Amino acid sequence: MDTLTNGLTTIINNEMRNKRECIISPASKLLGRVLRIMQLNGYIGEFEFIDDGRSGKFKVQLMGRINKCGAVKPRFPVQVGNFEDWEKKFLPSRNVGIMVVSTSKGVVAHREAQEKNVGGRLLAFVY
């Protein structure tokens, strides 16, 4: 059971139906960090963690700005100089969308990873 894939699928399904918010269950720390990156880049609005006594849920405000998002499976390793090659595979064009990368400096967008000069593992893409 992959909580990241389930969460991003829930977001894109609700975006296609023009919903204003969605509930993602189950929650995880990784999913929370990916949602934070999406929020900082303007793809979603506010989100909050709801503790239900089990694994928890995320309540996410949707803004209608996501055309496609998804998890990258398997989680490919990416070196600093190879981000452009992966952009060609997952994003529609240059400077459109973000790829979320897990690095030694934390979970960041791929442009921030390039600025920090670190590589990592691809987690997700959004555009």
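What about V80, is it under 22 Å from Q39 (Cβ atoms) and of a type in the set (V, I, T)? Quick ask: steps written out before the conclusion?
Numbers: under 22 Å from Q39 (Cβ atoms): no; of a type in the set (V, I, T): yes.
No, not satisfied.
What is the residue count in region 45-91 for residues that are part of a loop (DSSP other than H, G, I, E, B), within 16 Å of the chain's Cα centre (by Cα) and without any contact (Cβ under 8 Å) to a residue 60 or more places away in the chain?
Counting residues in region 45-91 that are part of a loop (DSSP other than H, G, I, E, B), within 16 Å of the chain's Cα centre (by Cα) and without any contact (Cβ under 8 Å) to a residue 60 or more places away in the chain gives 9.
Somewhere in region 55-67, is a residue modelled with pLDDT under 95 and either aromatic (F, W, Y) or in contact with a Pro (Cβ under 8 Å, 6 or more places away or on another chain) (or both)?
The answer is yes, given that some residue of region 55-67 is modelled with pLDDT under 95 and either aromatic (F, W, Y) or in contact with a Pro (Cβ under 8 Å, 6 or more places away or on another chain) (or both).
Can you name the number of the only condition in (1) surrounded by fewer than 16 Cβ atoms within 10 Å (Cβ to Cβ); (2) in the same structural domain as M38 (by TED's automatic domain parsing) that F58 fails?
All conditions are met except number (1).
Could you tell me whether G106 is surrounded by 14 or more Cβ atoms within 10 Å (Cβ to Cβ), closer than 18 Å to L31 by Cα, out of contact with any helix residue (DSSP H, G or I) (no Cβ under 7 Å at 6 or more places or on another chain) and in contact (Cβ under 8 Å) with a residue 24 or more places away in the chain?
Taking the combined requirement at face value, the residue satisfies it.
Please go through region 12-31 and give me each residue that is within 18 Å of Y127 (Cα to Cα), buried (at least 17 other Cβ atoms within 10 Å of the Cβ) and free of Cβ contacts under 8 Å to residues at least 40 places away in the same chain, ordered by number.
L31
Does region 79-90 contain at least one residue that is among the β-branched types (V, I, T) and in the same structural domain as G119 (by TED's automatic domain parsing)? Break it down stepwise before answering.
We begin by selecting, within region 79-90, every residue among the β-branched types (V, I, T); these are 80.
Narrowing the set further to residues that are in the same structural domain as G119 (by TED's automatic domain parsing) leaves 80.
Within region 79-90, one or more residues are among the β-branched types (V, I, T) and in the same structural domain as G119 (by TED's automatic domain parsing).
The values are calculated or read from the model by the stated rules, or taken from the named source; none is laboratory data. What you see is a predicted model; the values in this text were computed from it and never measured. All Cβ positions, glycine included, derive from the backbone under ideal geometry; neighbour counts span all protein chains shown.
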